[in-house]
Amino acid sequence: MLLPFLALVGQISGAPSPVQAWITEGWVCPTRPMHTDSVRLAASGCARTPRAEIDPQGRELWFLARVTIDSTADLRRAPLGVAIGAVAASEVFWNGTRIGSNGVPGGSRTAEQPGAMDTMLYLPSDRINTGSNELLVHMSGFYNRLRLTTPVHYILVEEYGKSYREAAPYYVPAIMMAGALLVALAYFGGAWLFGTRDTQALWVVLMAATALVQLVAELWRVMWPLPYHWHAWRLLAIEVTATGFSLALVAYVTGRYAPRWRTRALWCTLLVPLITSQVPGYDLWTLLTLSLPITLALILVLPAAGRRDEGARGIAAAFVFFLVLAVIDTSGFLDRGFYLGTAALAIVLLRHQWRVGLATQARELEAQRRVGQLEAQLLRRRFAPHWLLNTLNALTEWIEADPPTAVRLIEALGEEYHMVVEMSGKPLVPLGDEIALCKKHLEVMSLRVDRAFHLECFDVDTQLHVPPGIVQTLIENAFSHGRYVTGATFVLRMSPYGGGSQLELTTPAPEDGAQATTVRHHGEGLEYVHAQLRQAFGDTAALVDGRTATGGWRTQLRLRAPS
């Protein structure tokens, strides 16, 4: 992926290099050639070979080429060097004189010492002839484990050090865009770790993380010495991160705008790198691995953009920007265009998330206000004059008939209100505390009407945290909707449900039949429970109720697993 950069060096600097001679073909020989004329070279087993077809992988070879140096070149002002980018150790001879090596090429793995993927060797000016010069490169690549289609990327003669000096401007756009990716990684990573564990935020984190890893892998070859036998693994890492980016991107888009297509879209995305793996070159393979899933994601988001769904148009525009960059700068897309497109997408997602955050904050404030309002209404109902009057009347009767029972009623009533005060204002309380409040309320009701009311619990986790008062409110609803002449037993069960927990409260059928015609979905009590569940667990929680076969009422509270 250094070739696009080298080809653009002159454009970046604003002036062409005094000398930039690309070696496009030459003679490949199994041993060091003793002659330079084509007839003798062919007779000695050498073959005229384009540079792109030179293959030192798993063997030793010698490459001979002619280089023409213009007589107008000022070699004192701009000394020259031989630049080689190849999956091989190399040794360079100029006009018969050895000028240096990159590693030590040899006839076997034992004899070879691997060098760097890219190297530039200084070319002494007194060894350079005006006009034709002989370049001989000794190569071997026994350490490369993954075979490449084009193991020799370039051989050229140019101003010494020029490519390395001007590498930074070429990659500046990609490096600058890394800032946007880091912001997205930190923001959405924090939202996932310390927020509601929203899966959509996790997909954005994976997109940013894989893009950053891919950027590091891209820059490694330019910014730091890269041993040639690590180059193929670096290319494979880029392909893997590109696949991960594509999967995360498609998962995000389908999760937000096309959930029905998620499974099929992800399978298609996963198959893209497998189907395109036979194309020539890792660069084209990676380009297809990115551009085809982005095209698929664009197709999936377009209907949502047409409906003006929140954020859909911005994301669609970012995908179009991606694809335009891939078309107009195909050779440099993986070096620059991909990161410009990814940064644009990150900015769109951050803007959308900011707007969603404001809307969510407004909804939470409204939910808290509504919960507080409902809680105040329920407390007023508990202290309603008729309820207190009935309780005081019962207490008066017990004082006259059975003072010890009156004392127990006073104590139970005080303990219940003490529990209510302790739990009020808390967003979540242990289920054990909620059960204790329910049992205390049933004890008060038992003493007040002289009938036995009980709560039986099965398989409950007393450490599970739930919104306060949700079970007690359901029990109070049962007393509001029917009379229990001979007492009653309420049953609370807990079971796993959808990765979380489910609480199921069964209330017996009232003995006066009042519940048979009562619709229970719209009272303050159930509205309070609904609001508490939504505030504590979001849309993942639900309340489902209905009649039992015996005429009682079953209410299921489906809770998300605690984070």
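List of remarks:
- Restricting attention to the range 404-461, the residues being closer than 25 Å to GLN532 by Cβ and polar (S, T, N, Q) number 1.
Residue by residue, here is whether (1) at pLDDT below 75; (2) under 31 Å from the mean Cα position of the chain (by Cα); (3) exposed (fewer than 13 other Cβ atoms within 10 Å of the Cβ) holds:
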{"residue": "ALA509", "(1), (2), (3)": "no, no, no"}
{"residue": "GLN515", "(1), (2), (3)": "yes, no, no"}
{"residue": "THR518", "(1), (2), (3)": "yes, no, no"}
{"residue": "GLY525", "(1), (2), (3)": "yes, no, no"}
{"residue": "GLN535", "(1), (2), (3)": "yes, yes, no"}
{"residue": "VAL544", "(1), (2), (3)": "no, no, yes"}
{"residue": "ALA549", "(1), (2), (3)": "no, no, yes"}
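- Among the conditions (1) part of a helix (DSSP H, G or I); (2) at pLDDT 85 or above; (3) over 16 Å from PRO259 (Cβ atoms), the only one that ASP283 does not satisfy is (2).
- Of all residues in the range 432-466, exactly one satisfies the criterion of being in a helix (DSSP H, G or I), over 21 Å from PRO510 (Cα atoms) and in contact (Cβ under 8 Å) with a residue 40 or more places away in the chain, namely ILE435.
- Residues satisfying the stated conditions in the range 287-332, i.e. in a helix (DSSP H, G or I) and within 22 Å of ALA237 (Cα to Cα): LEU287, LEU288, THR289, LEU290, SER291, LEU292, PRO293, ILE294, PHE322, ALA326
- All positions within the range 461-472 that are buried (at least 17 other Cβ atoms within 10 Å of the Cβ), of a type in the set (Val, Ile, Thr) and modelled with pLDDT of 85 or more: VAL466, VAL471
- PRO427 surrounded by fewer than 22 Cβ atoms within 10 Å (Cβ to Cβ), closer than 23 Å to GLY538 by Cβ and of a type outside the set (Ser, Thr, Tyr): yes
- Residues of the range 48-92 classified as more than 23 Å from SER38 (Cβ to Cβ) and not charged (D, E, K, R), total: 18
- Residues satisfying the criterion are absent from the range 299-318 (criterion: farther than 23 Å from GLN353 by Cα, of a type in the set (A, V, I, L, M, F, W, C), surrounded by 21 or more Cβ atoms within 10 Å (Cβ to Cβ) and within 19 Å of the chain's Cα centre (by Cα)).
- In the range 67-83, the residues that are of a type outside the set (Ser, Thr, Tyr) and exposed (fewer than 13 other Cβ atoms within 10 Å of the Cβ): ASP70, ASP74, ARG76, ARG77
- Whichever residue in the range 117-131 is closer than 20 Å to ARG76 by Cα and among the charged types (D, E, K, R) and, among such residues, is modelled with the highest pLDDT: ARG127
- Taking residues in the range 301-328 that are within 17 Å of ALA344 (Cα to Cα), and partners anywhere that are among the hydroxyl-bearing types (Ser, Thr, Tyr) and part of a helix (DSSP H, G or I), the pairs with Cβ atoms closer than 7 Å and at least 6 places apart or on different chains are VAL301/TYR257; ALA312/TYR257; LEU323/SER291; LEU323/THR295; ALA326/SER291.
- Where strands (runs of 3 or more DSSP E) fall wholly inside the range 16-116, the ranges with 1 or more residues that are at pLDDT below 90, under 27 Å from GLY281 (Cα atoms) and under 47 Å from the mean Cα position of the chain (by Cα) are 20-22.
- Beta carbons closer than 8 Å, at least 6 apart along the sequence or on distinct chains, pair a first residue in the range 339-363 that is closer than 12 Å to PHE188 by Cβ and surrounded by 16 or more Cβ atoms within 10 Å (Cβ to Cβ) with a second that is among the acidic types (Asp, Glu) and modelled with pLDDT of 70 or more for HIS352/GLU310.
- Scanning the range 551-561 for residues that are surrounded by 20 or more Cβ atoms within 10 Å (Cβ to Cβ) and more than 19 Å from PRO508 (Cβ to Cβ), we see that the one that is modelled with the lowest pLDDT is ARG560.
- Of all the listed residues (PRO280, PRO259), the sole one being closer than 21 Å to ALA312 by Cβ and surrounded by fewer than 21 Cβ atoms within 10 Å (Cβ to Cβ) is PRO259.
- Apart from one condition, ILE475 fits all of (1) more than 50 Å from the chain's Cα centre (by Cα); (2) assigned to a helix (DSSP H, G or I); (3) crowded, with 18+ Cβ neighbours inside 10 Å; the exception is (1).
The values are calculated or read from the model by the stated rules, or taken from the named source; none is laboratory data. Source: prediction; values computed, not measured. Glycine also receives a Cβ, built like all others from the backbone with ideal geometry; neighbour counts cover every protein chain displayed.
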